[in-house]
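Everything on this sheet refers to the single structure shown next.
The values are calculated or read from the model by the stated rules, or taken from the named source; none is laboratory data. Keep in mind it's a predicted model, so treat the numbers as computed, not measured. Virtual Cβ from ideal backbone geometry, glycine too; neighbours counted across all protein chains shown. For accessibility, only protein heavy atoms count, side chains too; no ligands or nucleic acids. Shrake-Rupley method; radii C 1.70, N 1.55, O 1.52, S 1.80 Å.
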Amino acid sequence: MDELPIGRRVAYWRARRRMSQQVFADRLGKSKSWVDKVERGVRRLDKFSVVYEIADVLQLDVQLLLGKDPERRPDAINCIDQVEVEEIRAALERYDSISAFFDTQPNPQPLTEMRKAVSHAWLTFQHAKYGVLARALPKLLRDAQAADTAYSGGSDATAAAHLLGQVYQIASSSLRKLGEHELAWLAADRSIAVSQRAGDPLLAGTATYRVGSALLALGRARPALEVNVNIANRLAPGGGNDSDPQRMSVYGMLLLQGAMASARIGDGATVRDLLNGAEEAAEAVGGDHNHYWTCFGPTNVKVHRAAAAVELGEGRAAVEVHEGIDQEGFASLLPERRAHHLLDIARGFAQMGDVEKASEMLLEGDRLAPSEIRCRPIAHEVMSDVLRRTRGTPPPAVAELAEHMGVGV
């Protein structure tokens with residue numbers, strides 16, 4: 001099978017699924033003639049999006065159609081490569097809501113199944129399993145888009161839109177972590193529009209947070225500050241039900257993201273104001289919780305206080321905050337958040353010139369969540385700095401981690 005042309009592999013698996021060319025064509029939204037030409041090799045399959053639609057219809061792993069695994073980096077099990085980036089890009093570039101006006105949509109995945117898949121994707125992200133998530137995202141995006149299109153206009157329209165908005169946010173956060181900032185912004189922007197249809201201001205608030213994160217990653221700190229503070233002000237408590245834990249969690253995370261943007265600008269006064277506001281919100285929430293997948297609470301505020309100090313170039317202050325964090329509260333955070341913090345503290349120690357402690361933080365973060373250290377471009381920068389400033393040969397554990405990361409002096 002591996003040596004057969006892709007068209008022949010399509011024909012083989014279509015027959016195995018007991019589909020006629022006409023049925024297969026109908027499910028793809030193509031003509032029978034198009035299918036026949038593909039299977040005979042007269043028409044080339046040179047678009048990722050089409051190959052993945054075929055794989056979906058045939059219920060196959062796409063690699064069975066491609067015939068062999070594409071070349072991947074040694075760390076691809078944990079990270080993401082360009083093949084996966086292009087798959088996600090193809091899924092983001094679909095416009096099912098427009099094509100729905102012209103075509104009959106296939107039966108979408110039931111929303112109960114979609115909810116399970118979306119919850120699993122959130123947890124995969126919060127456990128920093130970026131490679132696993134990257135491989136699952138294209139299908140999840142296509143399924144959520146199809147459901148949003150199929151259920152539009154019906155009683156389940158807002159629920160389907162809500163799920164699609166979440167999937168766009170998961171994609172945005174994952175792509176930003178892995179250095180694909182333009183795609184991260186696109187996914188976050190899509191989530192804003194979908195959230196409005198879902199009619200949920202808190203989902204729109206978390207979508208705004210993703211937009212701010214993407215803008216910050218793109219080096220646009222001032223617009224990131226403005227968008228976060230603007231929406232935070234709209235969610236600010238004003239009595240009644242405005243101070244419920246879910247609302248306060250989203251409000252607090254917007255303030256934290258605004259503080260990070262202010263730190264990037266170098267505005268220490270605004271950083272302190274926003275962090276203090278987030279601290280008050282955390283007290284109102286009453287502990288470290290994961291409402292709307294925010295992982296927000298008093299400990300996360302301290303984690304961001306340390307991160308903001310690093311952005312301001314105040315490494316020693318960041319380390320002091322780190323040393324004062326309650327260990328029980330820190331242990332309650334999910335792996336992504338903890339490893340992210342350890343990476344920030346590695347940067348803080350590097351700013352202080354303590355490369356040994358910086359190395360320790362990188363190693364500890366790698367033990368906790370390898371993808372957070374091995375996949376993120378900022379972690380590669382810190383490791384490169386550590387190696388450059390280490391006198392003599394680095395310790396074996398550090399050298400091994402650097403090799404896994406593909407970082408040299």
**Prompt:** When the Karplus curve 6.51 cos²θ - 1.76 cosθ + 1.60 is applied with θ = phi - 60°, which whole-Hz ³J(HN,Hα) does each residue of segment 390-401 get, with x for Gly and Pro?
**Reply:** 7, 7, x, 7, x, x, x, 5, 5, 4, 5, 4
**Request:** Within segment 98-204, report the chymotrypsin sites (Phe, Trp or Tyr not before Pro) that DSSP leaves as loop and that have at most 11 other Cβ atoms within 10 Å.
**Result:** F101, F102
**Request:** Sticking with the crude label model, points 7 Å out along Cα→Cβ, report the distance from D81 to D36 in nm, one decimal please.
**Result:** 3.8
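Over the chain, give the accessible area per residue in Å² for a 1.4 Å probe, as an integer. Can you show the working numbers first?
On the way: 19030 Å² over 409 residues.
Computed with neighbouring chains in place, this is 47 Å² per residue.
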**Message:** Keeping all protein chains in the complex and leaving out DNA, RNA and ligands, what accessible area do you get for W13 with a 1.4 Å probe, in Å² to the nearest 10?
**Reply:** 40
**Complete:** Summed over the other residues with a beta carbon less than 12 angstrom from that of D273, with K and R at +1 and D and E at -1, the charge totals -2
**Cys with no candidate disulfide partner in the chain (beta-carbon separation under 4.7 Å rule)** = C295
**Prompt:** Does anyone have the angle between helix 245-265 and the longest principal axis of the chain? Alpha-carbon axes, 0 to 90°, nearest 10?
**Reply:** 70
**Item:** Kirkwood estimate for segment 219-347, i.e. one over the average of 1/r between Cα atoms, Å
**Value:** 14.5
**Prompt:** Roughly how many debye, to the nearest 20, is the charge dipole of segment 117-258 about its Cα centre, given +1 on each Lys and Arg Cβ, -1 on each Asp and Glu Cβ, and no other charges?
**Reply:** 380
**Request:** In whole Å, largest first, what are the principal axis extents of the Cα atoms in segment 288-409?
**Result:** 45, 26, 22
**Asked** What do you get for Rg/Rh over the chain if you use C-alpha atoms and the Kirkwood form of Rh?
**Response** 1.02
**Asked** For H127, H322, H304, what's the largest-to-smallest order of accessible area, 1.4 Å probe?
**Response** H127, H322, H304
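Within the accessible area of the chain, what % is carbon and sulfur when the probe is 1.4 Å and the other protein chains stay in place?
The computed percentage sits at 49.
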**Item:** With DNA, RNA and ligands ignored, accessible area of M248 (1.4 Å probe; Å², nearest 10)
**Value:** 10
**Asked** If you line up the long axis of helix 268-285 against the longest principal axis of the chain, both from Cα atoms, how many degrees apart are they, to the nearest 10?
**Response** 70
**Asked** For the residue pair E283 and K139, what label-to-label distance in nm results when each label sits 7 Å from Cα along the Cα-to-beta-carbon direction?
**Response** 4.8
**Debye, to nearest 20: dipole size of segment 283-396, +1 on Lys, Arg Cβ, -1 on Asp, Glu Cβ** = 380
**Request:** Enter the Cα centre distance for the pair segment 331-372 and segment 211-276, rounded to the nearest angstrom.
**Result:** 24
**Asked** If you take the C-alpha gyration tensor of segment 168-279, multiply each eigenvalue by 5 and take the square root, what semi-axes do you get, largest first, in whole Å?
**Response** 21, 19, 9
**Request:** For a quick protection proxy, order the peptides 81-89, 109-117, 369-377 by their average other-Cβ count within 10 Å, most packed first.
**Result:** 369-377, 81-89, 109-117
**Prompt:** Any idea what the dipole of the chain comes to, in debye rounded to 20, about its Cα centre with Lys/Arg Cβ at +1 and Asp/Glu Cβ at -1?
**Reply:** 1540
**Prompt:** Nearest 10 degrees, 0 to 90: what angle lies between the long axis of helix 335-352 and the longest principal axis of the chain (Cα atoms)?
**Reply:** 50
**Message:** How compact is segment 108-198 by the rule of thumb for globular proteins, expressed as Cα Rg over 2.2 N^0.38 Å?
**Reply:** 1.02
